[in-house]
Amino acid sequence: MIQIGDQTYAFDDPLVIATLAGSAIILLILILLITTARRAGKASEAVQTVASQVTNLHQGIQTLGQGQHQLAGNIQTVSDAQANAQMHMVQTMETRLAEVQAQMAERLADNALKSARSLSDLQERMKDTLSGSTEKTTKSLTELQERLATIDKAQTNIEKLSGDVLSLQDILSNKQRRGMFGEIQLTDIVSKALPTDSYALQATLSNNRRADCLIHLPNPPGPIVIDAKFPFEAYEALAAAETQDQQRTALRDLGTAVRKHIKDIAERYIIEGETADGAIMFLPSEAVYAELHARLPEVVREGFAQRVWIVSPTTCMATLNTMRAILKDARMREQTGAIRKALKQLHRDVEIIGEKAGKLETHLRQAGDDVAGVLTAATRAGKRADRLDNFDFEELAPDDETKVVPLVPSKSQT
């Protein structure tokens with residue numbers, strides 16, 4: 001920046017640049033003049049040329065000074081115009097700012113009012129929401145308490161079931177208790193399927209062997225024995241086997257145990273002339289029964305060969321129902337004579353009822369005729385009573401008085 005008097009000029013101003021350029025030219029000319037003066041020995045034409053150039057340069061400098069003066073005036077005019085424009089712009093900006101401030105105040109007031117309304121609505125909604133949430137929470141807590149009570153009951157049942165499972169495990173782990181378990185299950189099934197007089201529990205045979213259950217079937221086939229067996233150890237080992245060798249070993253042990261049971265039943269409970277020519281082995285486990293038929297069918301066939309039939313709780317119930325039908329048929333045959341006698345008596349009773357019904361029909365017909373006669377007589381009497389009731393004695397003429405039969409004799413006649 002260059003300050004000359006009250007004026008300040010920037011280096012990038014064209015006027016300043018022109019002035020600096022002119023000054024540089026003048027300095028160059030002076031240097032040339034000095035150089036020229038030093039070379040005074042040169043020709044006069046060069047001096048005259050330089051003089052004319054200096055004259056021209058002086059004129060140019062004068063012209064440049066005039067242009068600079070005019071440029072200064074123009075700069076002053078531009079500066080004044082810029083000041084006026086800035087003042088006008090400041091005034092316009094102040095006016096616009098005041099308008100904007102007023103508009104902002106109005107908008108802030110509207111926004112404050114809207115915010116207050118929104119806050120009030122929000123408070124109402126929050127109040128309603130909290131009220132509804134409280135009711136829902138109370139209801140949810142009530143339901144939760146009910147579910148917790150249900151869960152507590154279920155937990156109690158589970159604990160009881162766990163105890164039952166442990167008791168069942170204790171029963172199954174003991175051979176004697178396991179036998180009692182099979183006998184109890186067999187007793188329950190038999191008692192539900194057959195009449196009480198058609199079987200005997202723990203019956204002793206002629207060979208002093210005690211059978212779990214003896215069904216009194218008629219000949220043939222005769223009384224048949226049901227004995228409960230439960231090869232639980234062999235089946236448990238088969239279920240716990242992991243390798244193929246262990247499975248083969250456990251399966252072989254299961255087959256051996258079942259074969260032994262079949263042999264014992266065939267030797268102890270099939271007595272010629274006393275029992276049927278076969279016996280039943282009761283397995284109190286559907287799983288053992290299914291495993292036996294699925295993987296050891298040859299053992300089942302061996303049982304058939306020795307006339308020992310293996311049954312599970314389900315098939316035992318079906319077998320007992322068949323036996324019940326046999327018992328019913330046998331008892332029907334035994335009671336055939338009594339049934340015929342009863343039918344004859346029933347036929348005679350029906351004939352007597354028919355005779356009595358015929359006599360009753362005759363009596364009822366006669367009684368109906370009598371009732372019809374009584375009704376007819378009652379109808380006639382009613383009609384006559386109506387005629388007498390509607391008869392008007394006052395309408396009779398005086399000369400007809402002699403024709404009227406008096407109901408009560410007069411004093412003259414007496």
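The values are calculated or read from the model by the stated rules, or taken from the named source; none is laboratory data. Here the structure is a predicted model, which is why all the values come from computation and not from measurement. Counting neighbours? That spans all protein chains shown, and the Cβs are built from the backbone with ideal geometry, glycine included.
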Among (1) in contact with a strand residue (DSSP E or B) (Cβ under 8 Å, 6 or more places away or on another chain); (2) farther than 25 Å from residue 329 by Cα; (3) assigned to a helix (DSSP H, G or I), residue 202 falls short only on (3)
Exactly one of (1) surrounded by 10 or more Cβ atoms within 10 Å (Cβ to Cβ); (2) more than 19 Å from residue 222 (Cβ to Cβ) is unmet by residue 294. Its number?
-> (1)
Which one of these does residue 331 not meet: (1) within 20 Å of residue 196 (Cβ to Cβ); (2) in contact with a Leu (Cβ under 7 Å, 6 or more places away or on another chain); (3) of a type in the set (Lys, Arg)?
-> (2)
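Does residue 235 count as at pLDDT below 90, within 49 Å of the chain's Cα centre (by Cα), closer than 18 Å to residue 320 by Cβ and in a helix (DSSP H, G or I)?
Numbers: at pLDDT below 90: yes; within 49 Å of the chain's Cα centre (by Cα): yes; closer than 18 Å to residue 320 by Cβ: no; in a helix (DSSP H, G or I): yes.
Criteria not met by residue 235.
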Checking residue 364 against (1) within 25 Å of residue 216 (Cβ to Cβ); (2) of a type in the set (A, V, I, L, M); (3) outside the structural domain of residue 262 (by TED's automatic domain parsing), which single condition isn't satisfied?
-> (1)
Go through the residues of region 185-199 one by one and say whether even a single one is within 18 Å of residue 278 (Cβ to Cβ), in the same structural domain as residue 295 (by TED's automatic domain parsing), modelled with pLDDT of 85 or more and in a strand (DSSP E or B).
-> yes
Index of the failed condition, residue 305 passing every other in (1) at pLDDT 90 or above; (2) surrounded by 19 or more Cβ atoms within 10 Å (Cβ to Cβ); (3) out of contact with any helix residue (DSSP H, G or I) (no Cβ under 7 Å at 6 or more places or on another chain) | (2)
What do you reckon, is residue 225 in contact (Cβ under 8 Å) with a residue 12 or more places away in the chain, under 20 Å from residue 277 (Cβ atoms) and surrounded by 21 or more Cβ atoms within 10 Å (Cβ to Cβ)?
-> yes
Residue that is assigned to a helix (DSSP H, G or I), touching a Lys or Arg at 6+ places or on another chain (Cβ under 9 Å) and either over 22 Å from residue 211 (Cα atoms) or not hydrophobic (A, V, I, L, M, F, W, C) (or both), where the choices are 268, 252, 259, 248 | 268
